[in-house]
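Some notes on the structure that comes next.
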Amino acid sequence: MTVAAALLWGCSSTRHVPQGQRLLDKVQIIVDDSSRVSTSDLYNYLRQTPNHKVLGFARLQLGIYNMSGRDSTSRFNRWLRKIGQAPVIFDTALTDQSARQLRLALINRGYNDATVEVDTVPRGDRKMQVSYHLRPGRPFVVETVGYEFDDPELGRLIMADTALFPVTVGGNLDRNVLDAQRALVVERLRDHGYFAFTKEYISFTADTVATDRGVALTMKVRNPAPGDSAVTVTGRHMQYRWRNVYLVPDFSPDDNTGAYSFEARDTVTRDGLRILYGKDRYLRPGALSEQCFIRPGEIYTTASIDRTYEAMNRLAILRYVNIITRPAGTDSTANLLDAFILLSRNKKQNITLELEGTNSEGDLGVGGGVTYTNRNLSHRGEVLTAKVRGAYESLSGNLDGLINDRYTEIAGEVGITFPKFEAPFLSRSFKNRMRASTEFAVTFMRQERPEYTRIIAGAAWKYKWANRQNTTRRTFDLIDLNLVNLPRSTQDFIDNIAPDNPLLRYSYEDHLIMRMGYTWYHTNRRPASSGPERHERQTNTYTVRASGEIAGNLLYAISKIAGLKKSNGAYKVFGTQFAQYIKGEIDYTINHAFSPRNSLAFHAGFGIGYPYGNSTMIPFEKRFYAGGANGVRGWSVRTLGPGAYNARNSVTDFINQCGDISLILNLEYRNKLFWVFEGAIFVDAGNIWTIKNYPNQPGGLFTFRRFAKEIAAAYGIGLRMDFTYFLLRFDLGFKAHNPAADQEPWPIIHPNWHRDATFHFSVGYPF
């Protein structure tokens, strides 16, 4: 109702426009047809734009603002004005500034003869339309590029890789491109020891050539001038080397660092580093040395500083890391620098308690857990996490024939994370090059139910590492072991619950999964710029994730070599059958931003798994499922597929709604509404299939003949609340095409709210 009222008030958009003034109703940029200039990013140079329109027609925020009354002391009115948007009043001064900024932007792109004309058209009911007519003219084009270097050594470094230079022959004489090349040259030289080099030493000269609008461009890199702060005895730019490297583990951010004198109770020298300890040696000298890539005597590089920051920030025991660089004189070969690595420790230990109570139809229960964290287990930055959880619920009624008169659960987990690559038989140099973390974990759970007692145990050993920009991340599961054991159950329990369902039987039978896996993730997304260059916003961002895993091969080979006999067609280890399969997944997501408020996101995901050898099917917990908040949103989780399978009972049939092949496609339009609210319109498609013909999943087998007909489709709307650190998502999906046998195939033509609508609540974007 609030939204509807806001839209009604939005019809009277001039409600709060003062008399004698006009609402800025529409702004457009019109470029000469003969020009190749795109207008997509030129709107960022406007100093005044109209109130935002949702879906291009409804000024929702303005409508909410207009719902407020004249009384500014009313809390309700103030709240409406806070979440709404005040009317944008047409301002001639801002319009003139916009015209000047647009012309300047064109000049910076090489259109030196550009002109901008402004048309203002008053519209009824105190509104104003503004049109900016741009005539860029012909641009100046780079025909030749030359280079001049006062120092041949600098020239050699700069010209080592010209393929990365943004300035190219045939491109416009764009000042933004020239600045980008300056920044690249500075970065390249500073990464080779030229600490004092800045872009002021780089200049461009442009001379017109015989060809009309052609420019001969020359980039010149000069030496320091006399009196320059960077001047040396040689008169040239000099490389810088590290003289002393100091680590201050007990630094307080409130300390005055201007004197660069730190009191130390204990001073240790390790690998040339000077470690100035305070209270104690809470981090061993070797651990600090391993995380430091700045070494005395080596040439200054920005890469060494970045790697040190990255490594130190991975230590959970450190709360604050700062690296200060200070000039330290000159020797015969280079200028010298001192590095001060300032570290502030975090709280070492932490304990978290959880407690909950339940009431299930009069049966009372209680549960709780304790989590202990040690961020510096052996003074090398290792993180130890130990969790213990327990739950109990009493049972009433007739318990004859049951083995337990209660629900109980006891679970524990112990994990340790090392801030480096831990592996036997590897050299220290290799471990230092691999900026990885190593994780070990052991889990245990004992469940007591009226019908059975089940034990679930696991162990894992994995490695994680990423590049410096954190745009590429990898995870390698060296070993992941999961064991399910039923030491006790009622007579004929398994046969009674699932006489003809191997999937359900498998979940309650003893089984073992010993797998190895690898995951690769890559994105081009970078942190949003905090500077004034709004036009540098990323238009297209993408992410790619690929993973693969295999299980059971080693155990199968050992069983084969040892000459073990099969039981019921499968090998067993200590009386427990192990799973053998291969599985792979790939996901691709791309987001195109039309503007800061509007974007279109597309996602495609595909997965396939195949059982072989010791298994006739993939373990239930490893199979794919469809539907849910992150899948085809016209269906609830685990209620779609496989294929044309028709689930007649949503309570009991969910066990059959899993598969070996998965295909998911999503398209979503996102629009920022007002305050923290964001709207969405989406279309989803996909399904799951089985790779073998299982009797309990009729219609689930994948065939190319029926593949297209068994693609489910859904559409819907969404509302999100973006609180910056987390996002709450509400999606309402509707079935469009239902491939399930003996059900309405086209609900989009014959809709039924109760049958076809599904509501989802979740945290974060669906993809």
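Since every read-out is calculated from the coordinates, none of them should be taken as a lab result. These numbers come from a predicted model, not from an experiment. FYI the Cβ positions are ideal-geometry reconstructions off the backbone, even for glycines, and counts take in every protein chain you see.
Structural remarks
- Among Asp91, Asp33, Asp119, the order by Cβ neighbours within 10 angstrom, fewest to most, reads Asp33, Asp119, Asp91.
- Nitroxide proxy distance, nm - points 7 Å out along Cα→Cβ at Thr373 and Arg100: 5.2 nm
- Whichever aspartates and glutamates have a C-alpha closer than 14 Å to that of Lys420, once near sequence neighbours (fewer than 8 apart) are set aside: Glu290, Glu310, Glu382, Glu439
- Residue order, fewest to most surrounding Cβ atoms within 10 angstrom, among Val54, Val186: Val186, Val54
- Given charges at Cβ of Lys, Arg, Asp, Glu: the chain dipole, positive-most of Ser74, Leu336, Thr438: Leu336
- FRET efficiency, 1/(1 + (r/R0)^6) with R0 60 Å, evaluated for Asn112 and Leu719 via beta carbons: 0.80
- Using θ = phi - 60° in the Karplus curve 6.51 cos²θ - 1.76 cosθ + 1.60, the 3J(HN,Hα) couplings for the range 85-94 round to 9, 5, x, 7, 8, 4, 10, 5, 5, 5 Hz; x is entered for Gly and Pro.
- Rounded D (µm²/s) - the chain, Kirkwood Rh over Cα pairs, Stokes-Einstein at 25 °C, 0.890 mPa s: 75 µm²/s
- The range 645-718 - Rg (one decimal) and Dmax (whole number), Cα, Å: 16.5, 53
- Note on Lys672, Lys199: ascending count of other Cβ atoms within 10 Å places them as Lys199, Lys672, the fewest first.
- A crude spin-label estimate for the pair Thr472 and Val544, with each label 7 Å from Cα along the Cβ direction, gives 1.0 nm.
- With a threshold of 28 Å on the Cα-Cα distance, the over-threshold entries among Lys464/Lys583; Lys560/Lys692; Lys348/Lys464; Lys82/Lys347 are Lys82/Lys347.
- Using the Cβ-Cβ distance between Leu727 and Thr703 with R0 set to 35 Å, the FRET efficiency works out to roughly 0.35.
- Of all DSSP beta bridges in the range 141-221, antiparallel share, percent nearest 5: 50 percent
- Counting only Cα atoms, the range 240-345 measures 39, 26, 23 Å along its principal axes, largest extent leading.
- Residues in the range 675-697 that a label on Phe602 would reach, taking backbone N under 16 Å of a point 7 Å out along Cα→Cβ: 682-686
- Taking trypsin sites (Lys or Arg not before Pro) across the range 260-309, the ones in a DSSP loop with at most 14 further Cβ atoms lying within 10 angstrom of their Cβ are Arg265, Lys279.
- Counted over all Cα-Cα pairs of the range 50-196, pairs farther apart than 24 Å make up 61 percent.
- Relative contact order of the chain, defined on C-alpha pairs under 8 angstrom at six or more residues apart (%): 6 percent
- Considering only the chain, percent of DSSP beta bridges that pair antiparallel, nearest 5: 90 percent
- Square roots of 5 times each gyration tensor eigenvalue, C-alpha, the range 141-221, largest first, Å: 24, 12, 11
- Sites count as exposed loop sites when they are GluC sites (Glu not before Pro), lie in a DSSP loop, and have at most 11 other Cβ atoms within 10 angstrom; the longest stretch of the chain without one is 1-262.
- Those lysines that a straight Cα-Cα span of less than 23 Å connects to Lys735, excepting residues fewer than 8 apart in one chain: Lys709
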